[in-house]
1. Give the residues of the range 23-40 that are assigned to a strand (DSSP E or B) and either in contact with a Pro (Cβ under 8 Å, 6 or more places away or on another chain) or aromatic (Phe, Trp, Tyr) (or both), sorted by residue number.
2. Of all strands (runs of 3 or more DSSP E) completely enclosed by the range 41-81, which ones contain at least 2 residues that are surrounded by fewer than 16 Cβ atoms within 10 Å (Cβ to Cβ)?
3. If I ask for residues that are surrounded by 16 or more Cβ atoms within 10 Å (Cβ to Cβ), aromatic (Phe, Trp, Tyr) and over 19 Å from GLN76 (Cα atoms), which ones from the range 8-40 would you list?
4. Tell me which of these ILE115 doesn't satisfy, since it passes every other one: (1) part of a loop (DSSP other than H, G, I, E, B); (2) within 18 Å of ARG22 (Cα to Cα); (3) at pLDDT 90 or above; (4) not charged (D, E, K, R).
5. Take the conditions under 19 Å from CYS83 (Cα atoms) and among the hydroxyl-bearing types (Ser, Thr, Tyr) and apply them to THR36. Does it pass?
6. Which residue pairs have Cβ atoms under 7 Å apart, sit 6 or more places apart or on different chains, and have a first residue in the range 89-106 that is more than 18 Å from GLY68 (Cβ to Cβ) and a second that is of a type in the set (Ser, Thr, Tyr) and crowded, with 16+ Cβ neighbours inside 10 Å?
Amino acid sequence: MALFETSPAAERHPVTHWVCFRGSSTVTIFASGNMTSIDDLGTGHYRINFTTSMPDTSYAVAGNCLKGDTNNDGNQHVQFGGCNASSDIGTGSIEARCRVSSNNGANDPNVVHAIFTR
């Protein structure tokens, strides 16, 4: 199957890009598909760079992040796009921001997972 099918009959929307990376310490990709790199833009702020660009910016992304502290309370969330004044959603990359839910403070998580589909 081609990465992006153009046939109107093709209603499949597979995950075309995915990544699992460490946000704390030195940003490191643990495993990925169709990713080139992760740029560290500051505490809890990243740019995820695609190997193959998306055909447009109307793709879906889902993910989670793990704070990695001792209480493991799930008190962490990740936002994709909209991280600054612009939308930060591009065909070749997307920005992500990780925050602690209880105080909205920026946080470098131990692990971030993201999947992308179009």
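1. PHE30
2. In the range 41-81, the matching strands (runs of 3 or more DSSP E) lie at 60-66.
3. TRP18
4. The failed condition is (1).
5. no
6. GLU95/TYR46
The values are calculated or read from the model by the stated rules, or taken from the named source; none is laboratory data. What you see is a predicted model; the values in this text were computed from it and never measured. Heads up, the Cβs are rebuilt from the backbone with ideal geometry, glycines too, and the neighbour counts pull from every protein chain shown.
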